[in-house]
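Okay, structure first, notes after.
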Amino acid sequence: MRSLITTSAIAALALSLAAGGAFAADRHEGTTPTGPENGDYYQGIFGNDDVAPPAPDARPMTSAVVVEQPRLASILHELRAANHRMDAERASGKLGPVAFSRLRREEQNIRADAAQVAAMHRGRIPNGSYAQLQRDMRRLDWNIARSA
């Protein structure tokens, strides 16, 4: 009896997924059979849809100084790793409360600097600021190792 219920539940799930996919793949209103357009997704990309190009401020920045967000993500990842190291050193008794609070404050200052620079540059970190943040991270890592 249990396998009949399980089989029927799996069959109902598979049928509902297939029917949902079929309804989702149905043609959208307002499309033409002459081009590769698929509703509003491609609007403005092809020349035959009479749409103006995007405004100049909506185009991505192409400056050599500004780089994408992976820099911010790497800084935040390094800060999380340093945070885990501080917690581990504190839990093992190698890091005193004064040194722990000093290192935690230093980590928070680096995080605030990274967030401020990213906010000023639309979520990106320029080369000079990234190099300074990397130096601050190396100094934090060195201070954690020295204090422990």
statement: Summed over the other residues with a beta carbon less than 12 angstrom from that of residue 81, with K and R at +1 and D and E at -1, the charge totals -2
- prompt: Based on the Cβ-Cβ distance of residue 98 and residue 76, what FRET efficiency does E = 1/(1 + (r/R0)^6) give at R0 = 25 Å, to the nearest 0.05?
  reply: 0.45
query: Ranked highest first by the average count of other Cβ atoms within 10 Å around their residues, in what order do 96-104, 109-117 fall?
result: 109-117, 96-104
field: Kirkwood-based Rg to Rh ratio, region 71-147, C-alpha trace
entry: 1.02
task: Sum up the charges of everything whose Cβ sits under 12 Å from the Cβ of residue 111, counting Lys and Arg as +1 and Asp and Glu as -1, but leave residue 111 out.
output: -2
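Only the coordinates and a few stated rules stand behind these numbers; no lab work does. As the structure is a computational prediction, the values presented were derived from the model and not from experiment. Positions of Cβ are backbone-derived with ideal geometry, glycine not excepted, and every protein chain shown enters the neighbour counts.
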